[in-house]
Amino acid sequence: MERVLITGAAGFLGSHLCDRFIKEGYHVIAMDNLLTGSLSNIEHLFPLKNFEYYHHDVTKFVHVPGELKYILHFASPASPIDYLKMPIQTLKVGALGTHNLLGLAKAKNARILVASTSEVYGDPLIHPQKEDYWGNVNPVGPRGVYDEAKRFLEAITMAYHNFHQVETRIVRIFNTYGPRMRVNDGRALPAFFSQAIRGEGLTVFGDGSQTRSFCYVDDLVDGIYRLLKSGHAEPVNIGNPDEISILDFAQEIIKLVGNPQAHIINKPLPADDPKVRQPDISKARALLNWEPKISRSEGLKKTVEYFMNVVPTHS
């Protein structure tokens, strides 16, 4: 049975990747230090013979005994609340963590896929964003710790590919949602769902005209799986090009939750908040024969059930 190491395995995306690789018949080695992940996301896998879990911080030396076919590096704080609270850990996992895992991939002769982000485009001057756009990032701004950690992750991954001939893949992930998102992770979707369920004001920053493009997690995982199996080492955008303004999105969620007390409140726009975000996925279509299949209305219906179960309605 082929073995795959998944870092950040107890997080939102990592746990869904564990499920997919178990389903595909792999032996999954899950690694997480639970800085932002939760064992509840993967506890259903613990009884399985082809699943094991290591509590480990990948910024320290990473050793996994035995053969490895694939490594998927998804360890990182990934929401504004996280990286504003943990700026140094965010930089270290993007830099030292990626370096350690590339070294492991080289030692094991394993193929490694690293999780980059649409944040490498910063507050983009090109719309929609294509992989050949270099981005507009403020390295010393509050979001710089995440943006630059991921830009370094891409640079060192390509260096290992070119210099050491390590088989590498880079996925640039756009906004993704679905079950197992953290309720308090500070992103628009969990915040809106939680506020609407509790009948509070939905916090819209600025006038809400800034846009995002939301991809359902199952679609994203399928794109990542296809990219891993492909022969393409350059970065590939995986996301849903269906763009929506934050204000319209908040109104969609109010309607879906159906709590009459939910309403919209406006707050000032945070520093360096991107005004637009939409993936150009022509590369993924051509190379991976991939595009998202689950519409936002369908995905939000699946997600609202999860949030209804996990959001405490009484403080």
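The values are calculated or read from the model by the stated rules, or taken from the named source; none is laboratory data. Treat the numbers as computed from the prediction; the structure is a model and nothing was measured. Here Cβ is always computed from backbone atoms with ideal geometry, including for glycine, and neighbour counts include all displayed protein chains.
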(request) Give region 250-274 a look and list any residue that's exposed (fewer than 12 other Cβ atoms within 10 Å of the Cβ), free of Cβ contacts under 8 Å to residues at least 60 places away in the same chain and charged (D, E, K, R), or say none. (result) LYS255
(request) Specify the residue that is nearest to the chain's Cα centre (by Cα); the eligible residues are those in region 217-248 that are assigned to a strand (DSSP E or B) and surrounded by 22 or more Cβ atoms within 10 Å (Cβ to Cβ). (result) ILE238
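For region 92-132: of the residues being among the β-branched types (Val, Ile, Thr) and at pLDDT 95 or above, which is nearest to GLN165 (Cα to Cα)? Working first, answer last.
Taking region 92-132 first, the residues among the β-branched types (Val, Ile, Thr) are 93, 98, 112, 114, 117, 120, 126.
Filter once more, keeping what is at pLDDT 95 or above: 93, 98, 112, 114, 117, 120.
On the way: VAL93: 23, THR98: 16, ILE112: 12, VAL114: 16, THR117: 23, VAL120: 24 Å.
By that ranking, first place goes to ILE112.
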(request) Determine whether region 65-87 contains at least one residue that is modelled with pLDDT under 95, part of a helix (DSSP H, G or I) and either in contact with a strand residue (DSSP E or B) (Cβ under 7 Å, 6 or more places away or on another chain) or hydroxyl-bearing (Ser, Thr, Tyr) (or both). (result) yes
(request) Considering every residue within region 122-133, establish whether at least one is in a helix (DSSP H, G or I) and surrounded by fewer than 24 Cβ atoms within 10 Å (Cβ to Cβ). (result) no
(message) Of everything in region 92-109, what is without any contact (Cβ under 8 Å) to a residue 60 or more places away in the chain and either surrounded by fewer than 23 Cβ atoms within 10 Å (Cβ to Cβ) or assigned to a strand (DSSP E or B) (or both)? Give them in sequence order.
(response) LYS92, LEU96, HIS99, ASN100, GLY103, ALA107, LYS108, ASN109
(message) Quick check on region 167-185. Is at least one of its residues surrounded by fewer than 21 Cβ atoms within 10 Å (Cβ to Cβ) and over 19 Å from SER76 (Cα atoms)?
(response) yes
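Being within 20 Å of the chain's Cα centre (by Cα), closer than 16 Å to LEU113 by Cβ and surrounded by 12 or more Cβ atoms within 10 Å (Cβ to Cβ) narrows it down to one residue among ILE29, ILE42; which is it?
Numbers: ILE42 fails: closer than 16 Å to LEU113 by Cβ.
Among ILE29, ILE42, only ILE29 is within 20 Å of the chain's Cα centre (by Cα), closer than 16 Å to LEU113 by Cβ and surrounded by 12 or more Cβ atoms within 10 Å (Cβ to Cβ).
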(message) Return the residues of region 110-141 that are without any contact (Cβ under 8 Å) to a residue 24 or more places away in the chain and either touching a Phe, Trp or Tyr at 6+ places or on another chain (Cβ under 8 Å) or of a type outside the set (Phe, Trp, Tyr) (or both); say none if nothing qualifies.
(response) LEU125, ILE126, ASP132, TYR133, GLY135, ASN136, VAL137, PRO139, VAL140
(request) Could you tell me which residue of region 144-176 is nearest to PRO87 (Cα to Cα), considering only residues that are among the charged types (D, E, K, R) and free of Cβ contacts under 8 Å to residues at least 40 places away in the same chain? (result) ASP147
(request) Take region 275-293 and flag every residue that is part of a loop (DSSP other than H, G, I, E, B) and crowded, with 18+ Cβ neighbours inside 10 Å. (result) VAL276, ARG277, GLN278, ASP280, ILE281, TRP290, PRO292
